[in-house]
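For reference, the structure is listed below as structure tokens.
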Amino acid sequence: MTAEIIDGKAIAATIREEIRQEVAAMQAAHGRVPGLATVLVGARKDSETYVRMKKKACAEVGIASFGHELPADISQDELLAVVEGLNADPAVHGILVQLPLPDHIDDEAVLAAISLEKDVDGFHPLNIGRLSMKRRDPLFVPCTPKGCIELLDRSGIEISGRNAVVLGRSNIVGLPVAMLLLHRNATLTVCHSRTADLPAMVRQADILIAAVGRAEMVKGDWIKPGAAVIDVGVNAIDDANDPRGYRLVGDVAFDEAREVAGAITPVPGGVGPMTIAMLLRNTTDAAVRAFGG
Ligand code: NDP
């Protein structure tokens with residue numbers, strides 16, 4: 001059996017088109033569009049790229065974006081003042097503070113300063129707290145985890161009652177995706193660097209979410225036949241045949257796994273495009289709330 005490929009690029013394109021139409025309807029109804037403020041501190045190349053991609057994606061669907069590029073040595077108080085200003089700005093419905101922040105900044109304090117109604121990254125402690133409780137709905141769910149669930153849903157993969165195994169327990173991917181799966185009535189196992197016999201755990205998975213950041217760690221013979229595999233990992237490995245000298249691979253050995261799995265996401269082109277699509281979704285939802293539906 002060869003797995004169905006879950007085409008994150010195509011699914012994300014569909015979602016962006018849905019959002020584009022919603023934004024156009026909002027513009028027609030209210031004469032206003034959703035607005036996303038991006039806050040970039042310092043000049044990390046990867047962070048600059050992510051922020052540029054997010055702004056471009058906003059422009060393509062008609063969401064206004066407001067970029068704030070701040071020096072790496074900005075003080076915590078100055079940064080908090082920027083966030084407060086954005087909280088008060090009615091044209092801004094979502095605030096995205098690009099992580100990581102420089103070491104001298106307390107990122108928890110900055111994330112907690114973002115107005116709950118504008119927390120489109122879903123990292124505000126109260127949103128995370130609600131995500132971690134039964135029958136409490138966070139206003140926003142973090143984008144990459146939300147994208148993983150959306151990929152399962154849009155591929156018609158049942159979650160309720162099935163064994164889900166999450167590899168990784170980070171605050172940005174592993175833990176929130178685990179909570180989402182639990183809310184959707186999966187039976188959940190979370191694995192990490194201290195897990196004994198990882199292959200045996202993974203073999204239990206009807207749904208596997210891999211978010212460890214280890215190139216091709218999950219082998220084909222770890223996969224339960226027919227399982228759905230969502231590979232969040234993005235790892236660069238040397239490749240003399242690629243003009244860049246490297247290529248990107250996931251946490252799952254794709255060629256082996258696709259022979260066993262029922263459905264699998266490629267890397268790139270799986271989870272990655274969904275993260276930005278979910279940011280656009282969250283920003284649009286924030287604007288819908290602000291405009292009163
Ligand atoms: P972190 O490094 O924060 O967390 C990695 C997790 O994996 C930790 O919980 C760690 O365990 C666990 N882990 C590490 N090594 C092993 C191992 N050998 N066996 C079992 N578990 C292990 O990573 P992130 O969650 O931030 O990211 C994970 C991956 O997802 C990365 O490749 C990243 O690039 C990618 N990513 C992709 C995104 C996208 O949009 N496509 C968005 C965000 C991330 P422990 O807790 O014990 O240390």
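The values are calculated or read from the model by the stated rules, or taken from the named source; none is laboratory data. It should be emphasised that the depicted structure is a prediction, and the values quoted were computed from it without experimental measurement. Note that each Cβ is placed from the backbone with ideal geometry, even for glycine, and that neighbours are counted across all protein chains shown. The area values use the complete protein model at the heavy-atom level, side chains included, leaving out ligands, DNA and RNA. Shrake-Rupley method; radii C 1.70, N 1.55, O 1.52, S 1.80 Å.
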**OP:** Could you tell me what percent of the DSSP beta bridges with both partners in region 134-285 are antiparallel, to the nearest 5?
**Re:** 20
Subject >> Extension gain from E48 to I237, taking 0.36 nm per residue of separation minus the Cα-Cα distance >> reply: 65.9 nm
Original post:
If you take the square roots of the eigenvalues of the alpha-carbon gyration tensor of region 74-128 and sort them as a ≥ b ≥ c, do you get rounded (a/c under 1.5), prolate (a/b over b/c) or oblate?
Top reply: oblate
Original post:
For the pair A109 and A200, how long in nm is the line joining their label points, each one 7 Å along Cα→Cβ?
Top reply: 4.6
**OP:** Would you mind checking K55/K224; K54/K224; K56/K118; K56/K146; K56/K224; K45/K224 for any pair whose Cα atoms are more than 28 angstrom apart?
**Re:** K55/K224; K54/K224; K56/K224; K45/K224
Original post:
Cα-based Rg (one decimal) and Dmax (whole number) for the chain, in Å?
Top reply: 19.4, 57
Original post:
Using 0.36 nm per residue, how much length does the chain from F66 to T14 gain when fully extended, once their Cα-Cα distance is taken away?
Top reply: 16.2 nm
Original post:
Is region 1-71 best put as rounded, prolate or oblate by its Cα gyration tensor, with a ≥ b ≥ c the root eigenvalues, rounded for a/c under 1.5, and otherwise prolate when a/b is larger than b/c, oblate when not?
Top reply: oblate
Subject >> Residues R244 and D153, FRET efficiency given R0 of 35 Å [Cβ-Cβ distance, rounded to 0.05] >> reply: 0.55
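Send over a whole-number figure in Å² for the accessible area per residue of the chain, probe 1.4 Å.
For the chain, the solvent-accessible area averages 46 Å² per residue.
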**OP:** Please work out how much length the chain gains when fully extended from R32 to K134, using 0.36 nm per residue of separation minus the C-alpha to C-alpha distance, in nm with one decimal.
**Re:** 33.2 nm
Original post:
Each residue of region 64-80 in turn: what ³J(HN,Hα) in whole Hz from Karplus with 6.51, -1.76, 1.60 and θ = phi - 60°, glycine and Pro shown as x?
Top reply: 6, 10, 10, x, 10, 9, 10, x, 4, 9, 4, 7, 4, 5, 5, 5, 4
Original post:
For region 47-182, what % of the accessible area comes from carbon and sulfur atoms, probe 1.4 Å?
Top reply: 54
Original post:
How would you classify region 41-139 from its alpha-carbon gyration tensor, with a ≥ b ≥ c the square roots of the eigenvalues: rounded for a/c under 1.5, else prolate if a/b is greater than b/c, otherwise oblate?
Top reply: oblate
